[in-house]
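Asks: Below you'll find the structure I mean.
The values are calculated or read from the model by the stated rules, or taken from the named source; none is laboratory data. Here the structure is a predicted model, which means the values were calculated and not measured. Every residue, glycine among them, receives a Cβ derived from its backbone with ideal geometry; neighbour counts consider all protein chains shown. These accessible areas exclude ligands, DNA and RNA; they are computed on the full protein's heavy atoms, side chains included. Shrake-Rupley method; radii C 1.70, N 1.55, O 1.52, S 1.80 Å.
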Amino acid sequence: MKNIIAELQWRGLVHDMMPGTEEQLLKEMTPTYIGFDPTSDSLHIGSLVPIILLVHLEHFGHKPIALVGGATGMIGDPSGKSDERNLLDEATLNHNVAGIKSVLSRFLDFNSTAINAPVLVNNYDWMKTFSFIDFAREVGKRITVNYMMAKDSVKKRLSGEGEGMSFTEFTYQLIQGYDFYHLHKNYNCLLQMGGSDQWGNITTGTELVRRMNPNTDAKAFAMTCPLITKADGSKFGKSEGGNVWLTADKTSVYKFYQFWLNTTDVDAEKYIKIFTFLDQETINKLIEEHNVAPHLRALQRKLAEELTVFVHSKEALEKAIKASSILFGNASADDLKQLDEATFLEVFEGVPQAEIKRTEIESGINIVAVLNEKTGFFKSNGEARRALTANAIAVNKEKVTEEFVLSKKDLINNQFVLLQSGKKNYFVIRIL
């Protein structure tokens with residue numbers, strides 16, 4: 001087996017690791033699981049690291065197991081939380097589980113016939129018939145309260161952060177621990193990975209595997225990766241509009257691409273290792289190239305390209321690049337007309353707008369009237385004429401003169417017109 005730990009270490013993806021983990025991964029194909037809680041019907045870029053870890057495992061010949069927490073999602077993980085989560089109803093939970101399965105299926109082929117084919121499981125399938133009495137006897141008996149209270153996720157909540165901890169959340173680490181035991185028993189799963197905030201839950205699982213197999217030499221290992229942060233200390237994964245999601249219905253491909261493109265130099269150098277599968281030599285060359293000419297933003301561009309293709313597709317990347325060039329480059333009217341409505345509105349989000357009735361457009365409107373009277377883009381007809389004489393006005397990215405008449409043939413998506421004065425002053429007309 002190739003050394004996956006060495007690969008993950010140079011990428012900055014190893015935080016804590018139980019002794020023997022590296023040796024186990026070097027010895028044989030190792031079934032390894034990572035859990036995803038269904039708190040939403042999609043995943044955001046905070047979940048990209050565990051997804052990428054599963055993909056690395058498959059590339060290195062190991063068997064990745066993605067667990068969707070249909071059962072644990074009913075309780076909510078207290079790790080890293082100062083207050084208890086709101087419990088989700090069953091319909092919402094089922095909807096979320098289906099959504100997350102759909103997202104994960106884009107990165108891992110669960111229908112593969114390979115010997116190390118990825119596996120997708122839902123812990124509700126084995127927890128739904130587990131009675132409380134059986135769980136207390138079979139699982140609760142194995143782990144002491146002292147052991148559970150020593151975990152950081154519990155200690156922080158009991159030491160005054162938030163409103164304490166309910167018994168429901170206190171049992172979370174036992175249920176997650178039982179998941180590891182179940183996967184160990186049924187899939188020979190020997191390793192659990194997760195974020196560094198999961199160390200307590202994961203080690204409870206390794207302990208439970210050993211204690212529920214007292215007469216065997218049962219082995220179970222744990223590894224965590226760092227929680228990703230920005231260089232300035234702010235939270236990773238959020239833009240001005242909130243979370244950056246992995247599905248286009250929640251975060252458009254254009255916005256997803258722009259998020260990575262706008263990464264700082266320091267963060268880009270770190271993220272290119274964490275979030276892409278480029279080899280070490282390629283990444284080192286990119287970093288050198290970027291250091292010589294940082295204004296060209298080679299790192300950010302490569303990062304944005306690799307991630308957009310990985311999460312969406314090559315075709316989606318091309319559309320995102322075209323949308324970006326419309327705002328920042330030399331795009332044509334034809335390029336503009338290829339944008340769908342949602343992308344057009346996102347590209348020109350925050351740009352001043354005015355509305356014109358469709359009946360007026362059908363009969364045609366002189367550009368001077370459009371610039372002043374109909375939109376207020378210019379304060380007077382005289383100011384509009386001077387800008388036209390100076391060849392400073394463009395309609396849908398094409399320069400026009402004072403003789404130009406705006407008509408329905410100029411509409412983008414049959415409802416928009418883009419005005420431009422100079423290089424940076426934009427104005428959107430919406431046709432009603």
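Asks: Anyone know which of L190, L174, L327 comes out most mobile in the 10 Å Cα GNM of the chain?
Replies: Comparing L190, L174, L327 in the GNM, the peak value goes to L327.
Asks: Then there is this: Accessible area per residue for the stretch 227-266 in Å², computed with a 1.4 Å probe and the full protein assembly in place, what is it?
Replies: Dividing the accessible area of the stretch 227-266 by its residue count gives 54 Å².
Asks: Where the accessible area of the chain is counted over protein heavy atoms with a 1.4 Å probe, how much of it, in %, is carbon and sulfur?
Replies: 49
Asks: Let me have the 222 nm mean residue ellipticity of the chain computed from DSSP H runs of 4+ only, each contributing -39500 (n - 2.57), with the sum over all residues rounded to the nearest 500.
Replies: Computed ellipticity for the chain at 222 nm equals -12500 deg cm²/dmol.
Asks: Also: Quick check: the angle from helix 265-275's long axis to the longest principal axis of the chain, C-alpha only, nearest 10 degrees?
Replies: Relative to the chain, helix 265-275 is tipped by roughly 50 degrees.
Asks: About the Cα centre, and with charges only on the beta carbon of Lys, Arg (+1) and Asp, Glu (-1), how big is the dipole of the chain? Nearest 20 debye, please.
Replies: Its charge dipole is roughly 220 debye.
Asks: Separate question: Which of the listed residues, F60, I34, Q280, is farthest toward the dipole's positive end in the chain, when Lys, Arg count +1 and Asp, Glu count -1 at the beta-carbon?
Replies: Q280
Asks: Pulled fully out, how much extra length does the chain show between V309 and N3, if you take 0.36 nm times their separation in residues and subtract their Cα-Cα distance?
Replies: Gain on extension, V309 to N3, equals 107.5 nm.
Asks: Modelling each spin label as a point 7 Å along the Cα-to-Cβ direction, I'd like the L87/R358 distance in nm, to one decimal.
Replies: Calculated label separation equals 5.1 nm.
Asks: May I pose another question? Suppose the chain between Q415 and F130 were pulled fully straight at 0.36 nm per residue; how much longer would it get relative to their current alpha carbon spacing?
Replies: 96.9 nm
Asks: Hey, can you rank 364-370, 260-266 by average C-beta count inside 10 Å, highest first?
Replies: Sorting 364-370, 260-266 by mean packing, highest first, produces 364-370, 260-266.
Asks: So between V55 and N146, what do we pick up on full extension, going 0.36 nm a residue minus the alpha carbon distance?
Replies: 29.1 nm
Asks: Another question, then. Using a Gaussian network model of the chain whose springs link C-alpha atoms within less than 10 Å, name the residue from K270, K151, K357 with the highest mean-square fluctuation.
Replies: Most flexible of the set in this elastic network: K357.
Asks: Just list whichever of K250/K319; K101/K219; K101/K255; K156/K219; K319/K409 have alpha carbons separated by over 26 Å in the model shown.
Replies: Pairs exceeding the cut-off: K101/K219; K156/K219.
Asks: What ranking do 244-256, 304-316 get when scored by the average of other Cβ atoms within 10 Å per residue, highest first?
Replies: Highest to lowest by the protection proxy: 244-256, 304-316.
Asks: May I ask you to give the solvent-accessible area per residue for the stretch 65-209, in square angstrom, as obtained with a 1.4 angstrom probe?
Replies: 47
Asks: Angle between the Cα long axis of helix 48-59 and the longest principal axis of the chain, 0 to 90 degrees, nearest 10?
Replies: Helix 48-59 sits roughly 70 degrees off the main axis of the chain.
Asks: Each label point is 7 Å from the Cα along the Cα-to-Cβ direction; what then is the distance between the points at R430 and E373, in nm?
Replies: Distance between the two pseudo-spin positions: 2.4 nm.
Asks: Separate question: Angle between the Cα long axis of helix 298-311 and the longest principal axis of the chain, 0 to 90 degrees, nearest 10?
Replies: 70
Asks: Quick one: Cα centre-to-centre distance for the stretch 121-158 and the stretch 226-284, in angstrom?
Replies: For the stretch 121-158 versus the stretch 226-284, the Cα centre distance is 35 Å.
Asks: Report the residue, chosen from G350, G20, G69, that carries the largest GNM mean-square fluctuation when the chain is represented by alpha-carbon nodes joined by springs under 10 Å.
Replies: Ranking G350, G20, G69 by mean-square fluctuation puts G350 first.
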